[in-house]
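Input: a single structure, listed below in structure tokens.
The values are calculated or read from the model by the stated rules, or taken from the named source; none is laboratory data. Bear in mind that the values here come from a model prediction, so they are computed numbers and not experimental data. FYI the Cβ positions are ideal-geometry reconstructions off the backbone, even for glycines, and counts take in every protein chain you see. Only protein heavy atoms, including side chains, enter the accessible area calculation; ligands, DNA and RNA are left aside. Shrake-Rupley method; radii C 1.70, N 1.55, O 1.52, S 1.80 Å.
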Amino acid sequence: MEFIKTEEWGIARFYFRRALALFPNDEQATLKLNEVDKQILGNNINEAKYAEMIKKADEAYKTGDFGVAKFYYGKAQEANPTDNYVNERLKVVSTLAESTAERTANREFDALVKKANDAFAAKNYSVARFFYRKVLSMRPNDKNAQNQIKTIDSLIINK
């Protein structure tokens with residue numbers, strides 16, 4: 001409230017957004033944030049673009065779509081590069097997006113290893129080799145896949 005009295009609208013907006021991140025249903029904070037946004041926006045096109053991008057980014061963040069949130073926070077940063085709120089959110093969402101991508105890649109890798117191991121156990125060596133090669137395309141230094149391919153090659157040659 002003090003920042004509203006001193007007309008430091010950007011700082012006031014930052015703190016109201018932080019409050020709403022903690023208490024999303026706080027009507028008083030929502031009203032004050034809208035009031036501050038009206039003071040800031042005026043006729044400034046960049047601020048209007050910024051507000052729109054923040055809204056879309058926050059919605060994507062809430063639904064767990066971190067890639068989309070990262071995109072919109074990036075666009076908001078272009079419109080207002082010095083805003084602490086967007087810079088802070090961009091760091092958080094970037095970390096979350098990377099973490100999500102890494103987990104997805106690990107699941108894909110584990111699925112390939114399982115398919116390769118299952119085919120090997122069933123003595124379907126050509127299929128096993130195919131999947132071990134796919135494992136190596138994801139992680140070229142995987143010793144287990146390298147060794148299994150050598151074993152398969154020796155089994156096929158000795159037949």
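One table, with the values for the structure above:
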| item | result |
| --- | --- |
| Odd one out for ASN43, checked against (1) exposed (fewer than 12 other Cβ atoms within 10 Å of the Cβ); (2) at pLDDT 80 or above; (3) farther than 30 Å from ARG133 by Cα; (4) not hydrophobic (A, V, I, L, M, F, W, C) | (2) |
| Residue pairs meeting the criteria (Cβ under 6 Å; at least 6 apart or on separate chains; first over 23 Å from GLU108 (Cα atoms), in the range 132-159; second open to solvent by 90 Å² or more (accessible area, probe 1.4 Å) and assigned to a helix (DSSP H, G or I)) | none |
| Residue list for the range 44-96, filter: of a type in the set (Phe, Trp, Tyr) and over 22 Å from GLU8 (Cβ atoms) | TYR61, PHE66, PHE71, TYR72, TYR73 |
| Filter result (within 26 Å of the chain's Cα centre (by Cα) and either closer than 19 Å to ARG89 by Cβ or among the β-branched types (Val, Ile, Thr) (or both)) within the range 22-41 | LEU22, PHE23, PRO24 |
| Residue count for the range 54-76, restricted to those that are closer than 16 Å to ARG17 by Cα and open to solvent by 50 Å² or more (accessible area, probe 1.4 Å) | 5 |
